[in-house]
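The values are calculated or read from the model by the stated rules, or taken from the named source; none is laboratory data. These numbers were taken from a predicted model, which means no experiment stands behind them. Virtual Cβ from ideal backbone geometry, glycine too; neighbours counted across all protein chains shown. Calculation scope for accessible area: heavy atoms of the full protein, side chains included, ligands and nucleic acids excluded. Shrake-Rupley method; radii C 1.70, N 1.55, O 1.52, S 1.80 Å.
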Amino acid sequence: MRKGWILATAAVGAGLGFVMVLVVGVYMVAGNLANGVGQGAVGLAKGSVPAAYRALVQKWGNSCPAINPALLAAQLYQESGFNPGAKSPAAAQGIAQFIPGTWATHGIDGDGDGDRDVWDPNDAIPSAAKYDCTLAKYVKDAPGNPTENMLAAYNAGAYAVIKYGGVPPYRETQNYVKTITTLQESFAAPVGRVQPSQQAAGAIHFAQKKLGTLYLWGGNGTPEQGGRFDCSGLTKAAYETVGITLPRVANDQYNAGPHPGRDELLPGDLVFFSDDLTNSRAIRHVGVYVGGGYMINAPRTGAVIRFDSIDTPDYFGATRVTEDGAKALPTSV
């Protein structure tokens, strides 16, 4: 929910001109900074991991050189969406989705309370890190990137990595490796400036055309809905016009790319809001940043799509959407 008109009707016309200047600037900045990408770090992005698990992920994500906290977080998110009660049709269990046989061999008593409980994140998260490191040892002599080889062993087995001298030529395995290594970027605290999105201008162009459209909860802009949107329906539709498919809900859209700081925002970034600033899974609102401290958003029932300030106490953070980042997001969390 967002409150109140921020710009009067008379100011909207001027605002649109301001937006178009910014849109042009997006392309210029994108070209100038194409080679200035931060590579991520072992630190975790603000709120990217629920507070209850952040210390565990930070600690155990440094268990061996083949993993880091952001990579471990990406695996947990991809497996369960940080849900400690998750259970798959294949009987995978808990936040790390261990199958019983693997848990029996690799589960550890991470919190030292005398038991190994696959449903307890205090055991399951350390066990996931330990299992990664064990796989990394199995394939340590294989050529190539140790982290990618570990992930390939996780998906296809260590023998396949050893046999093929690295990531095996299986499409499923290659996609898994790319998915996790891409997804980790949305959990890492960036180092240096985050690369601008070339698609940002198109997303803004779509959103600004919807200014004045009445909000509809659950709205996807279909003819049956009168072309109306809710907050995440608007951002999803905006990026679909430039060939990027985002998840339907705001808290999953947060993981579609790396996270620029407040002072690094560029037009086209998605900006997020939450009542719990320690947990990205609690995000409840999203808008498209247009510059100058403002966004275009679909605020709430009874309101219209409009400009609002982002500088409110519930501001959570931002995401610079990337095509690979969006493709890496799981569909089941």
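Every listed requirement among (1) farther than 30 Å from Pro89 by Cα; (2) crowded, with 24+ Cβ neighbours inside 10 Å is met by Gly261 save one, (2).
Can you tell me which of Leu246, Leu277 is part of a loop (DSSP other than H, G, I, E, B), among the hydrophobic types (A, V, I, L, M, F, W, C) and buried (at least 23 other Cβ atoms within 10 Å of the Cβ)? That would be Leu246, the only listed residue that is part of a loop (DSSP other than H, G, I, E, B), among the hydrophobic types (A, V, I, L, M, F, W, C) and buried (at least 23 other Cβ atoms within 10 Å of the Cβ). The residues of the range 150-184 that are touching a residue at least 60 places away in the same chain (Cβ under 8 Å) and open to solvent by 90 Å² or more (accessible area, probe 1.4 Å) amount to a single one, Lys178.
Scanning the range 86-140 for residues that are in a helix (DSSP H, G or I) and touching a Gly at 6+ places or on another chain (Cβ under 6 Å), which turns out surrounded by the most Cβ atoms within 10 Å (Cβ to Cβ)?
Here the answer is Ala124.
When residues in the range 194-217 are screened for being in a loop (DSSP other than H, G, I, E, B) and more than 18 Å from Asp324 (Cα to Cα), 7 of them pass. Every condition in (1) more than 17 Å from the chain's Cα centre (by Cα); (2) within 30 Å of Thr181 (Cβ to Cβ); (3) touching a residue at least 12 places away in the same chain (Cβ under 8 Å) holds for Arg300 except the one numbered (2). Residues that are at negative phi, in contact with a strand residue (DSSP E or B) (Cβ under 7 Å, 6 or more places away or on another chain) and polar (S, T, N, Q) are absent from the range 108-123 altogether. Filtering the range 141-173 to residues that are in contact with an Asp or Glu (Cβ under 7 Å, 6 or more places away or on another chain) and in a loop (DSSP other than H, G, I, E, B) leaves only Val167. Leu211 meets the conditions (1) open to solvent by less than 50 Å² (accessible area, probe 1.4 Å); (2) under 30 Å from Ala318 (Cα atoms); (3) outside the structural domain of Gly317 (by the TED database) in every case but one. The failed one is (3).
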